[in-house]
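Peer 1: The following block contains the structure, expressed as structure tokens.
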Amino acid sequence: MSVAVQEGGCGCCGTTAAISAERSSGAISAVKARLLAGAKQLGIADSDLAGLAEVYDGGDCAAVQARMAQLVTARLTASGARLVELIEQAARLQASRPEEVAQVQGRIVELGGTVGQLQAAVARLSGSAAHGLCGQDCACVTAASAVTAPRVPAGRMALSAGAAAGGGADIVCTLDGGTDAMRDRITEWQAVIGRSTGRVPANGGVTLAFDHDSGVAVELARLAAAEFACCSFFTFTLTIGPMGMQFTVSAPDEARDVVTAVFGTATTRSGEN
């Protein structure tokens, strides 16, 4: 009895070409899944994900990268604007409902982390695109895993100058330690600020009064140095005299809300006791 065998392999296993095609199809599906998962992680809306999938199916990685760059840049712009709004909200609450400021500060920290992730993704997507199909190492596939020190806009001037996307405006805070460092420093500031005996307006900011306390003086100096390394638009001045200690925080007009959001508002007018 004779048995017919398909050319290129047995009938039960299929041809080598068919197996290769199946494996290739599986690899393409894995890349697509990773692309869409990364885009979703970056906060891209489901409706835009569907459109991104269609571009991917076209087989042109350059087109995929260009489209994803558009989507991520738009998200970064919106997140930066929202961050500035939260800073302004925290500044307003310091004057009216200071007990609610901590909650808003927490949201600022979280959104600052999102801004940093989006900035890193935009930087990755600005690189050269691959030719042909997207692969596992393409910028559009790996954008969500890119890491950079966030540059958080501290005022509307920073947004208009493109600082939220990593530009060179001065009114930004660079979070080298990430959002955890930012959260810890805000907590430490609140602890030492809580020991102040009063606040008066200062040129471009606020002056906090403290009783003589070497421990507080050391802590103020330490935090000021750490804050300046992050937000170089701040100016800090610690004065120690017969009547106690005065700690002045000032910033350019464009970042005045940041001063208020973190350090509070004056409780007396300058010159009052």
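Peer 1: Could you rank the peptides 109-117, 187-195 by their average count of other C-beta atoms within 10 Å per residue, with the highest value first?
Peer 2: The densest-packed peptide leads the list: 109-117, 187-195.
Peer 1: At 7 Å along the Cα-to-beta-carbon direction for both residue 62 and residue 131, put a label point, then send me their distance in nm to one decimal.
Peer 2: Computed distance between label sites residue 62 and residue 131 equals 1.0 nm.
Peer 1: Under the Karplus relation 6.51 cos²θ - 1.76 cosθ + 1.60, θ = phi - 60°, what is the ordered set of whole-Hz ³J(HN,Hα) values for segment 144-151, x standing for Gly and Pro?
Peer 2: 5, 9, 5, 10, 7, 6, x, 10
Peer 1: Residues with amide H under 5 Å of residue 130's amide H, sequence separation 5 or more or different chain, H placed in the peptide plane at 1.01 Å from N; which?
Peer 2: Here the answer is 139, since their amide H atoms fall under 5 Å of that of residue 130.
Peer 1: Ok, one more. Please give the Cα centre distance for segment 172-193 versus segment 100-143, rounded to the nearest Å.
Peer 2: 21 Å
Peer 1: Determine, from the Cβ-Cβ distance of residue 33 and residue 81 and an R0 of 25 Å, the FRET efficiency 1/(1 + (r/R0)^6), rounded to the nearest 0.05.
Peer 2: Efficiency at R0 = 25 Å is approximately 0.20.
Peer 1: At a Förster radius of 22 Å, what calculated FRET efficiency corresponds to the Cβ-Cβ distance of residue 197 and residue 253, to the nearest 0.05?
Peer 2: Values: r = 28 Å, r/R0 = 1.25.
Efficiency, from the Cβ-Cβ distance: 0.20.
Peer 1: Okay, moving on. Could you please rank 216, 258, 147, placing first whichever residue has the fewest other Cβ atoms within 10 Å of its Cβ?
Peer 2: On the way: 216 17, 258 27, 147 11.
Ordered from fewest to most neighbouring Cβ atoms within 10 Å, 216, 258, 147 come out as 147, 216, 258.
Peer 1: In addition: First measure r as the distance between the Cβ atoms of residue 70 and residue 218, then evaluate 1/(1 + (r/R0)^6) with R0 = 35 Å and state the FRET efficiency to the nearest 0.05.
Peer 2: With a Förster radius of 35 Å, E is 0.10.
Peer 1: Could you compute Rg(Cα) / (2.2 N^0.38 Å) for segment 16-147, with N its residue count?
Peer 2: 1.35
Read-outs throughout are calculated quantities, based only on the coordinates presented, and are distinct from any laboratory measurement. For clarity, every value in this text was computed on a predicted model and none was experimentally measured. Note: ideal-geometry Cβ built from the backbone for every residue, glycine included; neighbour counts use all protein chains shown.
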